[in-house]
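Comments concern the structure below.
What follows is calculated from the coordinates using simple rules that are stated; it is not laboratory data. Computed from a predicted structure; not experimentally measured. Neighbour counts are summed over all protein chains in view; Cβ atoms, including those assigned to glycine, are modelled from backbone coordinates with ideal geometry.
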């Protein structure tokens with residue numbers, strides 16, 4: 001496979017970014033995604049968010065993630081779905097928890113251990129009008145998720 005991540009990894013990275021951090025609150029470094037917005041739709045929204053989060057779990061299995069990694073991802077999906085189902089509190093939780101970025105970071109850690117440390121290194125920042133320079137840190141998701149989001153957006 002070389003040093004590049006598989007296409008499905010890039011796809012789940014993009015999905016996680018848009019679900020958890022695709023929208024920046026103007027004038028701040030705070031980011032949120034479509035997951036808390038979907039959660040505002042009674043019944044359907046939380047189910048749709050859980051299904052989309054489940055796709056990351058399926059891809060982790062498909063990519064050969066370890067049992068421990070798959071169980072941690074499943075736990076994050078379950079917590080996100082359970083707490084996310086609580087009206088209003090769940091939407092606030094989704095804004096802060098960012099389970100999808102956490103899960104992609106877990107998958108990245110597995111991938112790095114499997115094929116080497118430099119496998120998912122994002123290329124240097126090359127700003128343009130669409131993606132800009134992804135430098136802001138995503139709250140509570142960690143540096144690894146930042147690198148993944150930039151990696152997914154830059155097509156590196």
- Express in nm, to one decimal, how much length is gained between residue 92 and residue 8 on full extension, taking 0.36 nm for each residue of separation and deducting their alpha carbon distance. 27.3 nm
- Task: Under 16 Å from a label point 7 Å along Cα→Cβ of residue 68: give me every residue in segment 87-102 with its amide N that close.
- Result: none
- Message: Modelling each spin label as a point 7 Å along the Cα-to-Cβ direction, I'd like the residue 37/residue 78 distance in nm, to one decimal.
- Response: 3.1 nm
- Note on the structure: Fewest to most Cβ atoms within 10 Å: 111, 18 sort as 18, 111
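What does the C-alpha gyration tensor say about the overall shape of segment 1-71? Classify as rounded when a/c is under 1.5, otherwise prolate if a/b is larger than b/c, or oblate. If you can, show how the numbers build up before the last one.
Values: a/c = 2.77, a/b = 1.46, b/c = 1.90.
Oblate, since a/c reaches 1.5 and b/c is not below a/b.
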